[in-house]
Amino acid sequence: MIHNFNAGPSILPKEVFEEAAKAILNFRDTGLSILEIGHRTPLFESVLNETVSLAKELMKLDSDHEVLFLHGGATTQFFQIPMNLLNESETAAYLDCGVWGSKAIKEARVFGNVEVVASSKDKNYTYIPKNFRIPSDAVYFHYTTNNTIEGTEMFTIPETNVPLVADMSSDILSHVLDFNRFAFIYAGAQKNIGAAGVNMVVVRKDILGKVNRKLPGMMDYRQHIEAGSMLNTPPVFAIYVCLLTLRWLKQQGGVAAIEKVNKAKADLLYKTLDAKDGFNPTVAREDRSRMNVVFLISDPQLEKKFLDACKEQHMVGVKGHRSVGGYRVSLYNALPLESVKALSSLIDQL
Ligand SMILES: Cc1ncc(COP(=O)(O)O)c(C=O)c1O
């Protein structure tokens, strides 16, 4: 068995791989591959409709929120959001908690003013700033719920009347959250939702249509809503993989059930790391991510022993992001508890 701790694209449930493989050869007994069916056919329409309705059900969204599946990854959302929401003379508030958030800030500055309400850059983004003030006249407040590279996570939603915009790429649907509190949510699919190539967007309709710039059709969320995510050819296969992953999540008991497993996985791994000499988690205890566990190993010999043992026991994806070094173990929804138990016992025995 391979234990896959990759940060994304990352592990998906085995059942999803099996069903997706079947659909490539013969989709729903049509004799056709899912890769060769038209997107404007009842066959694909039923896939898209079910994916949207499962996403709404799992997030318990109200009728003010629309769910879209768009191209371009979360990185496209970094600029598409300010392009749709922020006039040149207005200000958006951003929290600077990591590499991804700072990229979002850079893109927003192309379209209007940005006020960075707080930053944890002073300590290499190893904690989440507390008690920051969000200006009441900001058009929106943007933050990253889970900082994939640095391994910090925000479990509670900031208290504010300013519309909330969140990049949930690496922890969406991993724990219970009142998703209706957000005006806008986006997430690249390739961690907890499915395959790379599609982005899930949740938008509360009333925040749209307020900017005075002209928008190209593909950049305009209102046009995507009107066209039901079919303004052009959608990423058909990637959306199908989302459907299979969301069905799997529902079968597990939904978000509350997976949260319990995610908590058990993260608790076990942090406990093991805290107990082991030479293994040092880098993040402030109260801000530790349940999705991406980042740590350093202080002694090069121990480091070599760890890497050799990982290789021998088929553990992949433990290297840290190139920008921070060290190690990062990702524990997304589909990673079984057994993999964390195996890794913990490997560390114990070093
Ligand atoms: C929190 C977060 N935001 C944005 C991105 C960028 O996503 P994409 O490569 O899909 O554009 C990532 C990728 O890992 C991420 O983890």
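The values are calculated or read from the model by the stated rules, or taken from the named source; none is laboratory data. Only a predicted model underlies this, so the values are computations on that prediction, with no experimental measurement involved. Reconstructed Cβ throughout: ideal geometry from the backbone, glycine too, with neighbour counts over all protein chains shown.
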(request) Being more than 21 Å from Lys210 (Cβ to Cβ), in contact with a helix residue (DSSP H, G or I) (Cβ under 6 Å, 6 or more places away or on another chain) and free of Cβ contacts under 8 Å to residues at least 60 places away in the same chain is the filter here, so list the residues in segment 113-172 that pass it. (result) Thr144, Ile157
(message) Restricting to segment 264-280, count the residues that are surrounded by 15 or more Cβ atoms within 10 Å (Cβ to Cβ), of a type in the set (A, V, I, L, M) and more than 21 Å from the chain's Cα centre (by Cα).
(response) 2
(message) I'd like to check something: does segment 294-313 contain any residue that is closer than 30 Å to Lys341 by Cα, assigned to a strand (DSSP E or B) and touching a helix residue (DSSP H, G or I) at 6+ places or on another chain (Cβ under 8 Å)?
(response) yes
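If you scan segment 107-142, which residues turn out to be in contact with a strand residue (DSSP E or B) (Cβ under 9 Å, 6 or more places away or on another chain), charged (D, E, K, R), under 20 Å from Phe78 (Cα atoms) and outside any strand (DSSP E or B)?
Correct list: Lys121 only.
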(message) When you check Ile172 against the structure, is it in contact with a strand residue (DSSP E or B) (Cβ under 7 Å, 6 or more places away or on another chain) and assigned to a loop (DSSP other than H, G, I, E, B), yes or no?
(response) yes
(request) From Glu66, Glu88, Glu107, Glu36, grab the single residue that is surrounded by fewer than 13 Cβ atoms within 10 Å (Cβ to Cβ), under 30 Å from Ile134 (Cα atoms), of a type outside the set (Gly, Ala, Ser) and touching a Phe, Trp or Tyr at 6+ places or on another chain (Cβ under 9 Å). (result) Glu88
(request) Residue by residue through segment 298-350, note down the ones that are at negative phi and of a type in the set (Gly, Ala, Ser). (result) Ser298, Ala309, Gly320, Ser323, Ser330, Ala334, Ser339, Ala342, Ser344, Ser345
(message) On the basis of being at pLDDT 95 or above, under 21 Å from the mean Cα position of the chain (by Cα), within 28 Å of Phe17 (Cα to Cα) and among the acidic types (Asp, Glu), does Glu286 make the cut?
(response) no
(request) Could you please find all residues in segment 118-152 being crowded, with 19+ Cβ neighbours inside 10 Å and of a type in the set (A, V, I, L, M)? (result) Ile128, Ile134, Ala138, Val139, Ile149
(request) Specify the residue that is nearest to Thr245 (Cα to Cα); the eligible residues are those in segment 1-24 that are in a loop (DSSP other than H, G, I, E, B) and β-branched (Val, Ile, Thr). (result) Ile11
(request) Quick one: count up the residues across segment 179-210 that are touching a Leu at 6+ places or on another chain (Cβ under 6 Å) and buried (at least 24 other Cβ atoms within 10 Å of the Cβ). (result) 2
(request) Looking only at segment 47-96, count how many residues are closer than 27 Å to Ile37 by Cα, within 16 Å of the ligand (Cβ to nearest atom) and touching a helix residue (DSSP H, G or I) at 6+ places or on another chain (Cβ under 8 Å). (result) 5
(request) Give Val255, Val283, Val340, Val329 a once-over and let me know the one that is part of a strand (DSSP E or B) and surrounded by 20 or more Cβ atoms within 10 Å (Cβ to Cβ). (result) Val329
(request) Scan segment 269-311 residue by residue and report those that are touching a residue at least 12 places away in the same chain (Cβ under 8 Å) and farther than 25 Å from Asn124 by Cα. (result) Lys305, Ala309, Cys310
(message) List pairs: first residue in segment 64-77 and closer than 18 Å to Val52 by Cα and part of a strand (DSSP E or B), second residue near the ligand (Cβ under 8 Å from one of its atoms) and β-branched (Val, Ile, Thr) anywhere in the structure, Cβ distance under 7 angstrom, at least six positions apart or on different chains.
(response) none
(request) Please enumerate the residues belonging to segment 211-247 that are small (Gly, Ala, Ser), in contact (Cβ under 8 Å) with a residue 12 or more places away in the chain and within 22 Å of Leu54 (Cβ to Cβ). (result) Gly228, Ser229, Ala238
